[in-house]
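Enquirer: First the structure, then my questions, so here it is.
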Amino acid sequence: MSTIPILRLGAIKNVQRFKEHLHSLSLNIPCDDELLAGPESSIRWPLLRGGFKFTNRIAVQPMEGWDALADGNPSEYTLRRWRRFGSSGASLIWGGEAVAVSHEGRANPNQLVLAPHTFAGLAALRVTLLQSYRETTGRDDKPVVGLQLTHSGRFCRPNVHDRPEPKILYHHPILDPRLGVPADSPVLTDEQIAGIVRDFHRAARAAWELGFDFVDIKHCHGYLGHEFLSAHTRPGRYGGSFQNRTRFLREVVEGIRSFAPGLQISVRLSAFDTVPFRPDPETSSPGKLGIGIPEPHAHLIPYHWGFSVNSACPTEMDLSETIQFLALLEHLEIRLVNLTAGSPYYNPHIQRPAFYPPSDGYQPPEDPIVGVARQLAVARQLKSQFPQLILVGTAFSYLQDFLPHVAQAALREGWVDFVGLGRMVLSYPGLLFDASEGRSIQHRLVCRTFSDCTTAPRKGLPSGCYPLDHYYKASELAAKLKSAKAR
Ligand SMILES: Cc1cc2nc3c(=O)[nH]c(=O)nc-3n(C[C@H](O)[C@H](O)[C@H](O)COP(=O)(O)O)c2cc1C
Ligand code: SF4
């Protein structure tokens, strides 16, 4: 729990009081008093755009698993998670989770990999999801299902969960020391990048053959695609100018269009960022993380190591290149875009606002609802500038019991085209489906942002909602997590 005063949303008993809370913090978050059901609910509005047909506005966000088999095939845990994704009734499944295009590119030794020996396993995930969607909704239509393709770049850990094996594009003055990257260690060469581009082509072709509707070329959270966008200091074809920093995207897209011509492409983007944060030693004590503060960066101005940050004051965003990037996506005829922010590794409070920090994080430096409002405001601005894109908004889970009220208002007022659900899907996949069916909300399943789904993998355990999902809550894993946290 934080040491700055934060009103726990679980303690707020009604929408009126929630709106007063927003008002007291001067936050502009749309919120409906009443939830509507059926076609009257904006959550149930269909959408026909960019060659896609959606039956509602619920999206399941990608959530990386730490529970695949060592060879990159899904395990029983993975299958169960995809079954639950399907039971959300969402008409857009954004990748389910990040799938590595090669073993070396895995973010953890239990991440899914797209390779010939995993084709059958990945196909089974999709089939399981479609079946559970049909059982939940009673409908014969199919949700639009994609695969998020990724190479983890700086955050690769393909072999041992606590041994980073970073593949970097440039040296970062703050992140290199954190990851133990020596100053003279080599960066990925242009030839190695060409090999990674080919891996994306192969993976996309396979996803197409397996029946997925789209692939996401992940450009967020500090992974390789995102790192390209901030490669200001890299010399050569992939660094420096905006044109060079987006070459990777253009090369991946060009190949996919020729190898998998019927496949749609999407991009998940960290639309803004800030410098890496760390716990303040002044407020830290044994067993208790300090409040998050930015790493010292006064000596690094102008700041050249971020995307969409103000180089004169890098704790502030500058959306000019984000706007340029979205214009490029339109030019490339990519219509499906998912907006997120920052990175879970170096500034989790802007990426997934939470009341309780993950074990490698820090106490919230702001009321987490400020982080929700920030992501929503950026999504709203970009939506108004790019009305033809299909934009998925992110970071709704912190809203907890008021998520459906905000979702309904944000969709009706056109702030976003889809409400993307991350953590909430792990604890309560059907929240928005229930709300828009007129069913009562199961409050005991509402995600309270305990962050165990992030802490568990940091300790080498499978991701899942340990506090609220009975499957984990009552398992041996819960005991293991408890003892790992105590250490
Ligand atoms: C356990 C976990 C795994 C995640 N893995 C991914 C991932 O593979 N790809 C991705 O783009 N985002 C990933 N995210 C981020 C979520 O998609 C989402 O952006 C974030 O949780 C904020 O949304 P929320 O407030 O609904 O949770 C992950 C989040 C969690 C909690
Ligand atoms: S562990 Fe469960 S309650 Fe905690 S943040 Fe994750 S999904 Fe939410």
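Read the figures in this text as sums done on the coordinates, not as results from a lab. Predicted model, so just to flag it, every value in this text is computed and none were measured. All Cβ positions, even for glycine, are placed from backbone atoms using ideal geometry, and neighbour counts span all protein chains on display.
Enquirer: Tell me, how many Å apart are the Cα centres for the range 171-224 and for the range 115-157?
Expert: The range 171-224 and the range 115-157 have Cα centres separated by 20 Å.
Enquirer: Can you compute the charge dipole magnitude of the chain about its Cα centre, using +1 on each Lys and Arg Cβ and -1 on each Asp and Glu Cβ, nothing else charged? Give it in debye, rounded to the nearest 20.
Expert: 720 debye
Enquirer: Report the one residue of 231, 221, 200 whose Cα lies farthest in the direction of the positive end of the charge dipole of the range 199-239 (charges on C-beta: Lys and Arg +1, Asp and Glu -1; origin at the Cα centre).
Expert: Of the candidates, 231 comes out farthest on the positive side.
Enquirer: Then there's this: Can you compute the modelled spin-label distance between residue 482 and residue 4, with each label point 7 Å from Cα toward Cβ, in nm?
Expert: Inter-label distance under the simple model: 3.3 nm.
Enquirer: Related question: What pairs in 19/383; 167/459; 459/482; 288/459; 218/473 have C-alpha atoms more than 20 Å from each other? Spell out each step's value before the answer.
Expert: Details: 19/383 24 Å; 167/459 22 Å; 459/482 10 Å; 288/459 17 Å; 218/473 31 Å.
Pairs exceeding 20 Å: 19/383; 167/459; 218/473.
Enquirer: Take the Cα atoms of the range 1-113, find their three principal axes, and give me the spread along each one in whole Å, biggest first.
Expert: Over the range 1-113, Cα extents along the principal axes are 51, 45, 25 Å.
Enquirer: Same structure again: With the calculation restricted to Cα positions, what are the radius of gyration and Dmax of the range 319-363 in angstrom?
Expert: Taking only Cα atoms of the range 319-363, I get Rg and Dmax of 14.7, 41 Å.
Enquirer: While we're here: Which listed residue (15, 390, 325) has the Cα farthest towards the positive end of the charge dipole for the chain, taking +1 on Lys and Arg C-beta and -1 on Asp and Glu C-beta about the Cα centre?
Expert: Value computed over the given set: 15.
Enquirer: Another question about this same structure. In debye to the nearest 20, how big a dipole does the range 1-151 give about its Cα centre with +1 on each Lys and Arg Cβ and -1 on each Asp and Glu Cβ? Spell out each step's value before the answer.
Expert: Values: 17 positive and 14 negative charges, 45 e Å.
For the range 1-151, the charge dipole is close to 220 debye.
Enquirer: Compare the Cα positions of 293, 75, 410 along the charge dipole of the chain (+1 at Cβ of Lys, Arg; -1 at Cβ of Asp, Glu; about the Cα centre) and return the one farthest towards the positive end.
Expert: The residue sitting farthest along the positive end of the dipole is 75.
Enquirer: Can you compute the equivalent ellipsoid semi-axes for the chain, i.e. the square root of 5 times each eigenvalue of the Cα gyration tensor, sorted largest first and rounded to whole Å? Don't skip to the end; give the middle numbers.
Expert: Numbers: eigenvalues 178, 149, 111 Å².
The three semi-axes for the chain are 30, 27, 24 Å.
Enquirer: Sorted by average packing, counted as other Cβ atoms within 10 angstrom per residue and highest first, what order do 226-235, 418-427 take?
Expert: Highest-to-lowest ranking by the protection proxy: 418-427, 226-235.
Enquirer: Quick one: length gained pulling residue 413 to residue 20 fully straight, 0.36 nm per residue minus the C-alpha distance?
Expert: So the extension gain works out to 139.5 nm.
Enquirer: What Kirkwood hydrodynamic radius do you get for the range 177-329 when you take the inverse of the mean 1/r over all pairs of distinct Cα atoms, in Å? Before the final figure, lay out each step's value.
Expert: Working: mean 1/r = 0.0572 Å⁻¹.
This gives a value of 17.5 Å.
Enquirer: In units of 2.2 N^0.38 Å, what is the alpha-carbon radius of gyration of the range 378-487?
Expert: Scaled against compact globular proteins, the figure is 1.26.
Enquirer: Using packing as a proxy for protection, rank 323-329, 54-60, 236-242 so that the peptide with the highest average count of other Cβ atoms within 10 Å comes first.
Expert: Listed from highest to lowest mean packing, they are 54-60, 323-329, 236-242.
Enquirer: Out of all DSSP beta bridges in the chain, what portion is antiparallel? Express it as a percent rounded to 5.
Expert: 20 percent
Enquirer: Right, here's the next one. For labels at residue 159 and residue 119 in the simple 7 Å Cα→Cβ model, what's the distance in nm?
Expert: 2.9 nm
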